[in-house]
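The values are calculated or read from the model by the stated rules, or taken from the named source; none is laboratory data. In this text the structure is predicted, and so the values were computed from the model without any measurement. Cβ coordinates were reconstructed from backbone atoms using ideal geometry, including for glycine residues, and neighbour counts include every protein chain displayed.
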Amino acid sequence: MAADRRAARLGVLGLVATLLFSTLGVRLWFLQTVESTRLQETVDQLRRVEVKIAPERGRIFDVDGRILADNRGVLTASVDWAAMRDEIDRATLFNRLSGWLEMSVEDMEARYDSERYSRYLPMPLAEDIPEHVAVSLQERIEDFPGLVVDTTWERVYPYAPIASHVVGYMGSITGEDAEDYEARGYDTSSEGEDVGRSGVELSYEGRLHGQWGTLVYEVDSANRVVRTVSHTPPVNGEDLQLTIDLDLQYYAERLLLTQLEARRIFTATNPEVLKPNGQPGPLAEDLPVGAEVHYRAAAGSVIAMDQHTGSILAMASYPTFDNRWFAVGIGGDKFNELFPADVRDDDARLVNRAIQGRYNMGSTFKLFTAYAALASGMLGADETYEDQGTYQLTSIAADVCATGVRCVFRNATCPGTGLPCDYGSVDVTQALAVSSDTFFYKLGEEFYLTPGTPFQELVRGLGLGTVTGVDLPDEYDGQLATNEVQAGLAEAGVLGENASRTLQPGDLLQMAIGQGISAVTPLQLGVGYAAVGNGGHVVTPHVVGSILAPETPDDPVRPGYADLAQAQFVEAVAPPSRDVAMPPGVRDPILEGLRQNITGPGANGRTTTAEELFRVNYPPEAIPIAGKTGTAQGSNNYPWNDSSAFAAFSLDPNRPFTVVSYLEKAGYGSVGAAPVVKCMYLALSGSPLTPLDVPPIADPLDLDDDVAAHDPPPVDRACMASSNAGTLTPID
């Protein structure tokens, strides 16, 4: 019996062994036949390494081909990893190179140990070495095993800081952006690529960057390169031709700064007002009545745009910055010195105020109130209003007004009278010409009393309170006074503890004259004025005009220019406009009112807000324009915080330019922003009126400097002359 059991056990074991060997054999057959191809591919993959090769970045030109962003070849000394594996060989090589590269052996070893560099490309040892050093090293290359001297690229801005807000700058990929860039194939390592961080460098990153090349290596088990499997060269980035005219841009930047500095000479008076207790007292309680406070006038912008196409010829913002700081690898301490985080808002240099400024627009907004009233049928072009200088709300009962609720609103004070200006019987054309607040107060209350009237929708249709779509990053979308906006601001505590969650009559009155909680950008204002100027086309503004194939050649005759005649055109940037209803019965009264604001006549013996400026040094051959001044009240209603606005469009279809200027805390629009716009139109009218200087090539950047940008020289202020000499800085 025992023998039988042993035989059975042996039989079972034999069967199990047979099954195991059979399974193993089947598996080996499967791997060697069915799966052999896939496994071989896996083995090949494991033995191959792909290395990306960055392309040369596309260049940026102005409208005439002047090179605004270029690439400078930088000579870099690198060493092959194979030549550094042996510690003694590496020490010998580093000692030999130390004197040539003016670099310590310790610094070289630190690079070797840093693990920052790809093991499949030579390790950069020293960048931007002098040419004579590179030549000498090449002549003695047998003394430096594994040394390679090649060219890498560094971004340069030859005309910095001119147009820095438009052109932008380059910088490292940040942690918050790394995932997005990595998904697009960028090298996000610490030694990876720089990318556009602002301006068109950022908004056109994909076109400027180009396509990566690749090197595929076969490596052994120790990751040593055995051979090069394939090499696909990179495709360089496309070039950009801007719509910006650098001559006009340079003039605009100088003009803006010149006028800001001039406005700082002037002062505003601390007025006497009735206090809540009914007693008179100073508006600013820490100053006596009559105290003079200088306008700060620290910031502003000016824009010139083709009102038919949306092409931007100039976009200046002050204060500005030198975009070369971001190409030289400054550290955190230096960055904080140049761009301190605790500066006042009007000192912030990296803000492009043309597209990011959040402003009331003062009386320049009256164009949009007039348009909404006429387009909705709420106002007829021939209707008149008796302007006596004040407006009394009709929608609030007298007993409520008696409790201290503001029910009476005034025109601006007329010079020399101390009383609000009164213009008598005015229609919409005359009200625009003389900037009658009471006329527009009445429209504001009528909008409040007629909820179905699409005031905000019609204004938004002309481009205000929404992004314009300009091809620059971080544009502010703006806001118009609505119940939703009012509720949001009230809940956030911005409007005070007891603020209403819905718009009240006074809120619509304020919106009608460009005050209150509405906030738009100078570019939005320009788009709206351009739409009236061109007959109802809401253009999409843009600073890039054409995309060109890579490697546009330099102009052989004009240094610093690209040869646009040899450029290969790829794509025109011409965003479409959208149309809004602008019938003659709506447009013509507005157009005539804005024309009269420039030329006169006024009303009731009073001039318009701009005619005294434009009747001097604005000859008949200059571009005929229609425009509007605006003064936006500042914080606490202190007059020295008032900001200055002016917007205008051309009446000449062959010179179709819209120009807008906004000067923060610079006083009345007629004496602050309006002279800037006047000078811009003279410059746009042709060189005999205002010759434009050639922009200078930038001086070398001083790394020890403590300012973000040096101010350019001033311009001749003769173009700012006015017949009202008492309201302007004397012209030298």
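You will find that of Ala126, Ala83, the residue that is surrounded by fewer than 18 Cβ atoms within 10 Å (Cβ to Cβ), among the aliphatic types (A, V, I, L, M), touching a helix residue (DSSP H, G or I) at 6+ places or on another chain (Cβ under 7 Å) and modelled with pLDDT under 90 is Ala83 and no other. Here Leu75 clears all of (1) in a strand (DSSP E or B); (2) out of contact with any Leu (no Cβ under 7 Å at 6 or more places or on another chain); (3) free of Cβ contacts under 8 Å to residues at least 60 places away in the same chain except the condition numbered (3). Residues in region 499-545 that are part of a strand (DSSP E or B) and touching a helix residue (DSSP H, G or I) at 6+ places or on another chain (Cβ under 9 Å) were compared, and the one that is nearest to Gly58 (Cα to Cα) is Val544. Of the residues making up region 223-273, those that are among the hydroxyl-bearing types (Ser, Thr, Tyr), closer than 30 Å to Pro550 by Cβ and out of contact with any His (no Cβ under 7 Å at 6 or more places or on another chain) are Thr228, Ser230, Thr232, Tyr250. Selection of region 240-269 for residues being touching a helix residue (DSSP H, G or I) at 6+ places or on another chain (Cβ under 8 Å) and farther than 23 Å from Leu202 by Cα yields Leu248, Tyr251, Ala252, Leu255, Leu256, Thr258, Gln259, Ala262, Thr267, Ala268, Thr269. Condition check: over 41 Å from the mean Cα position of the chain (by Cα), surrounded by fewer than 18 Cβ atoms within 10 Å (Cβ to Cβ) and of a type in the set (A, V, I, L, M, F, W, C). Does Val105 satisfy that? Criteria met by Val105. In the set Asp704, Asp716, only one residue is farther than 19 Å from Tyr318 by Cα, out of contact with any helix residue (DSSP H, G or I) (no Cβ under 6 Å at 6 or more places or on another chain) and either of a type outside the set (Gly, Ala, Ser) or touching a residue at least 24 places away in the same chain (Cβ under 8 Å) (or both); that residue is Asp704. Only residues that are at pLDDT below 95 and assigned to a strand (DSSP E or B) were counted across region 573-625, and they come to 2. Scanning region 218-275 for residues that are charged (D, E, K, R) and either buried (at least 19 other Cβ atoms within 10 Å of the Cβ) or touching a residue at least 60 places away in the same chain (Cβ under 8 Å) (or both) returns Glu218, Asp220, Arg224, Glu238, Asp239, Asp245, Asp247, Glu253, Arg254, Glu261, Arg263.
For region 672-720, name all the residues that are within 21 Å of Phe657 (Cα to Cα) and among the basic types (Lys, Arg). Once the filter is applied, which keeps residues that are within 21 Å of Phe657 (Cα to Cα) and among the basic types (Lys, Arg), region 672-720 yields only Lys678. Taking the conditions (1) in a loop (DSSP other than H, G, I, E, B); (2) free of Cβ contacts under 8 Å to residues at least 12 places away in the same chain in turn, Gly281 satisfies each one other than (1).
Quick check on my filter: what residues within region 435-456 are more than 16 Å from Asn604 (Cβ to Cβ) and not in a helix (DSSP H, G or I)? Correct list: Thr450, Pro451, Gly452, Thr453, Pro454. Within region 630-646, being of a type in the set (A, V, I, L, M, F, W, C) and over 13 Å from Gly300 (Cα atoms) holds for Ala632, Trp640. Residue count for region 656-678, restricted to those that are out of contact with any strand residue (DSSP E or B) (no Cβ under 6 Å at 6 or more places or on another chain) and β-branched (Val, Ile, Thr): 1. Checking the stated criteria, Met378 turns out to be touching an Asp or Glu at 6+ places or on another chain (Cβ under 9 Å) and closer than 30 Å to Gln430 by Cβ. Just so you know, in region 416-434 the residues that are part of a loop (DSSP other than H, G, I, E, B) and touching a Cys at 6+ places or on another chain (Cβ under 9 Å) include one that is modelled with the lowest pLDDT, and it is Cys421. Tell me, please, whether a residue that is part of a helix (DSSP H, G or I) and either under 33 Å from the mean Cα position of the chain (by Cα) or more than 30 Å from Thr243 (Cα to Cα) (or both) can be found in region 462-484. Within region 462-484, one or more residues are part of a helix (DSSP H, G or I) and either under 33 Å from the mean Cα position of the chain (by Cα) or more than 30 Å from Thr243 (Cα to Cα) (or both). Checked against the criterion of being crowded, with 24+ Cβ neighbours inside 10 Å and either over 20 Å from Gly535 (Cβ atoms) or in contact with a Cys (Cβ under 6 Å, 6 or more places away or on another chain) (or both), the candidates Tyr391, Tyr371 yield just one match: Tyr391.
Taken over region 289-344, residues that are under 30 Å from Pro639 (Cα atoms) and of a type outside the set (A, V, I, L, M, F, W, C) amount to 14.
Rundown of residues vs (1) polar (S, T, N, Q); (2) surrounded by 24 or more Cβ atoms within 10 Å (Cβ to Cβ); (3) modelled with pLDDT under 95, yes/no style:
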site: Gly461; (1), (2), (3): no, no, no
site: Gly488; (1), (2), (3): no, no, yes
site: Ala492; (1), (2), (3): no, no, yes
site: Arg501; (1), (2), (3): no, no, yes
site: Gly506; (1), (2), (3): no, no, yes
site: Ile513; (1), (2), (3): no, yes, no
site: Gly533; (1), (2), (3): no, yes, no
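Out of all the residues in region 327-348, is one or more surrounded by 12 or more Cβ atoms within 10 Å (Cβ to Cβ), touching a Phe, Trp or Tyr at 6+ places or on another chain (Cβ under 7 Å), within 30 Å of Leu462 (Cα to Cα) and in contact (Cβ under 8 Å) with a residue 40 or more places away in the chain? No, because not a single residue in region 327-348 is surrounded by 12 or more Cβ atoms within 10 Å (Cβ to Cβ), touching a Phe, Trp or Tyr at 6+ places or on another chain (Cβ under 7 Å), within 30 Å of Leu462 (Cα to Cα) and in contact (Cβ under 8 Å) with a residue 40 or more places away in the chain.
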